[in-house]
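**Q** Sharing a structure, written as structure tokens. Questions coming.
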Amino acid sequence: MARTRPDPDPTKAIGYARASTSRQDLSPGAQRAAVEAWAAARGVTVVAWFEDLGISGGAELDKRPGLLGAIDALRTHGAGALVVARRDRLARDVLVNAMVERLCERVGARVQSADGAGNGAGPEAALMRNIVAAFSAYERMLIRARTKAALALKRERGERTGTVRYGYRVADDGKTLLPDDHEQAVIAR
């Protein structure tokens, strides 16, 4: 006899927040507040929270322990929704976004956005989810291009970019690398 899984409880949700850098101190709190407000307005209880801090939305799914934990918690808590403040917090990669949606569907849950973008079951909502996913990926590419251009300009001006490798320190001019005697001695040993 086949085992049947109970239907997920629509009054339970799993909350998820992501911030690309650990310096976005307010972002996880703001995301949590948006999800809590969404849940309160619908009579839903957020039964567990997961976060990925300092992780890009473009990271592969296997590099997102918080998101994987949230998806797993849908099953263990019998929750009907994985809720994010905005869909770009879920992923900035169209494929990762689609995989998360499918993994949630497999356990009978839905991804919900506190801002309402793409929520729903109809074709219009599916279209909106795809549009938001595409624009999130596009925005990620724009950020990458701007960063690359800024670093190229700094290198062109002779400004230092990146970290200072062990054995060296930055001179007072902020550009020149000088040997650090202590670290050079360690290297020599």
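**Q** What value does region 124-189 have for Rg/Rh, both radii from Cα atoms and Rh as Kirkwood defines it?
**A** Rg/Rh: 1.35.
**Q** Name the residues whose placed amide hydrogens come within less than 5 Å of the amide hydrogen of Ala79, ignoring near sequence neighbours (fewer than 5 apart) on the same chain.
**A** Asp9
**Q** Among residues other than Ser56 whose Cβ falls under 11 Å from its Cβ, what is the net charge (Lys/Arg +1, Asp/Glu -1)?
**A** In short, +3.
**Q** Give the angle, between 0 and 90 degrees and rounded to the nearest 10, that separates the Cα long axis of helix 94-106 from the longest principal axis of the Cα atoms of the chain.
**A** Computed tilt is about 30 degrees.
**Q** Now a separate question. Write down the accessible area per residue of region 1-130 in Å², having rolled a 1.4 Å probe over the full set of protein chains.
**A** Each residue of region 1-130 exposes 53 Å² on average to a 1.4 Å probe.
**Q** 7 Å from Cα along Cα→Cβ at both Val170 and Arg42: what's the point-to-point distance in nm?
**A** The modelled label-to-label distance comes out at 4.6 nm.
**Q** While we're on this one: Multiply the residue separation of Asp181 and Lys63 by 0.36 nm, subtract the distance between their alpha-carbon atoms, and state the gained length in nm to one decimal.
**A** 38.7 nm is the gain from fully extending Asp181 to Lys63.
**Q** Shifting gears a bit: Relative to the longest principal axis of the C-alpha atoms of the chain, give the angle of the C-alpha long axis of helix 26-42, reported between 0 and 90° and rounded to the nearest 10°.
**A** 10 degrees
**Q** How do 41-48, 160-167 rank on mean C-beta neighbours within 10 Å, highest first?
**A** Peptide ranking by packing, descending: 41-48, 160-167.
**Q** Relative to the longest principal axis of the chain, what angle (0 to 90°, nearest 10) does the C-alpha long axis of helix 123-156 take?
**A** Once rounded, one gets 0 degrees.
**Q** For the chain, give me the percentage of DSSP beta bridges that are antiparallel, rounded to the nearest 5 percent.
**A** Working: 3 of 19 bridges.
Rounded to the nearest five, the antiparallel share is 15 percent.
**Q** Output the relative contact order of the chain, whole-number percent, from Cα pairs under 8 angstrom with separation of 6+ residues.
**A** It rounds to 18 percent for the chain.
**Q** If you don't mind, there's one more thing I want to ask. How much of the accessible area of the chain, in percent, comes from carbon and sulfur atoms when a 1.4 Å probe is used?
**A** 55 percent
**Q** Please report, in debye to the nearest 20, how large the charge dipole of region 10-155 is about its Cα centre when each Lys and Arg carries +1 at its beta carbon and each Asp and Glu carries -1 there.
**A** Result for region 10-155 is approximately 460 debye, rounded to the nearest 20.
The values are calculated or read from the model by the stated rules, or taken from the named source; none is laboratory data. Please read all numbers here as calculations on a predicted model, not as lab measurements. Don't worry about glycine lacking a Cβ; one is built from the backbone with ideal geometry, like all the others, and counts go over all protein chains shown. Just so you know, the surface numbers come from the protein's heavy atoms only, side chains and all, with ligands and any DNA or RNA stripped out. Shrake-Rupley method; radii C 1.70, N 1.55, O 1.52, S 1.80 Å.
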